[in-house]
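Scroll down for the structure; my scribbles are underneath it.
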Amino acid sequence: GGKKIKRGGGGGAGSSTAVRGGGGGGPEPQHGELAELRQQVRAMERRHSQLISQLATLHAEREQLQAENGSLRAMASEFSAMREQHAIALEMLGEKEEQLEALRGG
């Protein structure tokens, strides 16, 4: 909310006027307190910026890892197919060796 003006006293010409933050119950912060609050806000803004930067970095790393994961899955699938082909080739080689041995009269 906006600022509220509180008028105290009986409403006469000499009544004091105090301006304070909307909804708050206490007096306006003193100059030193205000400077400290501003410093805290700046520190929180810096921390917020750091966290946003860290989030962007982690997001980029995640995307890279997902891409690498896809490549690894494709390689694993290819490797599995190659193992099957290798096993078939070994079996065929064994059969050919048996046939050759039979032809030699072994």
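The values are calculated or read from the model by the stated rules, or taken from the named source; none is laboratory data. Small disclaimer: the values here were computed from a predicted structure and weren't measured. When the accessible area is computed, the model is the full protein with side chains, heavy atoms only, and any ligands, DNA or RNA have been set aside. Shrake-Rupley method; radii C 1.70, N 1.55, O 1.52, S 1.80 Å.
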Based on this model, can you work out whether Glu98 counts as open to solvent by less than 100 Å² (accessible area, probe 1.4 Å) and charged (D, E, K, R)? no
Residues of region 49-87 being over 22 Å from the mean Cα position of the chain (by Cα), among the hydrophobic types (A, V, I, L, M, F, W, C) and open to solvent by 100 Å² or more (accessible area, probe 1.4 Å), in sequence order, are Leu72, Met75, Phe79, Met82
